[in-house]
Amino acid sequence: MWTVSHMMTLSPMEKVISYYRASKVADNLNDEDLRCFLEEQLCKEKAGLSEKTIARRLKTKVYVASKVEENPDACSICMAGYKDRDKVASLYYCCHEYHEECIKEWLLKSNLCPMCRALAIIPEDYPCWEADVQLHQAFFLHLQYAI
Ligand SMILES: [Zn+2]
Ligand SMILES: [Zn+2]
């Protein structure tokens with residue numbers, strides 16, 4: 001276990017490693033291997049996805065405009081408000097929503113939410129973070145500073 005004062009003296013990468021150690025996700029790796037694993041992981045997360053992965057894993061729905069709504073939600077990529085029957089996709093962790101076509105194009109280049117930089121979708125070969133979204137978010141934020 002770590003203490004607060006201990007955490008403050010650690011570099012971002014050391015913090016991430018301590019989190020991983022505490023979570024027992026990477027029990028079988030030594031520090032050097034864990035560091036390599038984390039760096040690979042971050043590169044993967046920052047990189048774009050294949051069309052196949054996007055098609056399989058992106059959650060989409062059809063937007064239904066409400067009659068009372070004067071200012072519909074807008075897609076932050078193209079800035080256009082959603083129209084009735086638009087196809088809208090929402091991201092895995094943060095649930096930010098975009099037009100399906102707008103976010104698909106973005107995901108080819110990066111798997112991070114354009115608004116908040118949370119992981120956008122979970123690829124099929126992704127390790128077991130689905131179990132603990134908040135833990136992963138904490139890792140990921142530290143990782144971004146670590147590398
Ligand atoms: Zn859009
Ligand atoms: Zn987001």
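What to note about this one:
- Enumeration of residues in region 97-113 that are in a loop (DSSP other than H, G, I, E, B) and either crowded, with 17+ Cβ neighbours inside 10 Å or of a type in the set (S, T, N, Q) (or both): Ser110, Asn111, Cys113
- For region 70-81, the criterion of being part of a strand (DSSP E or B), more than 16 Å from ligand 2 (Cβ to nearest atom), over 21 Å from the mean Cα position of the chain (by Cα) and over 14 Å from Ala120 (Cβ atoms) is met by at least one residue.
- Enumeration of residues in region 82-126 that are within 12 Å of ligand 2 (Cβ to nearest atom), among the hydroxyl-bearing types (Ser, Thr, Tyr) and over 16 Å from Leu42 (Cβ atoms): Ser90, Tyr92, Tyr98
- Flag if Leu58 is more than 16 Å from ligand 1 (Cβ to nearest atom) and either over 14 Å from the mean Cα position of the chain (by Cα) or buried (at least 16 other Cβ atoms within 10 Å of the Cβ) (or both): no
- Tally of residues being more than 13 Å from ligand 1 (Cβ to nearest atom) and modelled with pLDDT of 95 or more across region 91-106: 0
- When Lys46 is tested against (1) modelled with pLDDT of 90 or more; (2) under 17 Å from Leu119 (Cβ atoms); (3) touching a strand residue (DSSP E or B) at 6+ places or on another chain (Cβ under 8 Å), just one condition goes unmet, and that condition is (1).
The values are calculated or read from the model by the stated rules, or taken from the named source; none is laboratory data. Every value quoted in this text rests on a predicted model; they were computed, and no experiment measured them. For neighbour counting, all protein chains shown are included, and Cβ atoms are generated from backbone atoms with ideal geometry for every residue, glycine included.
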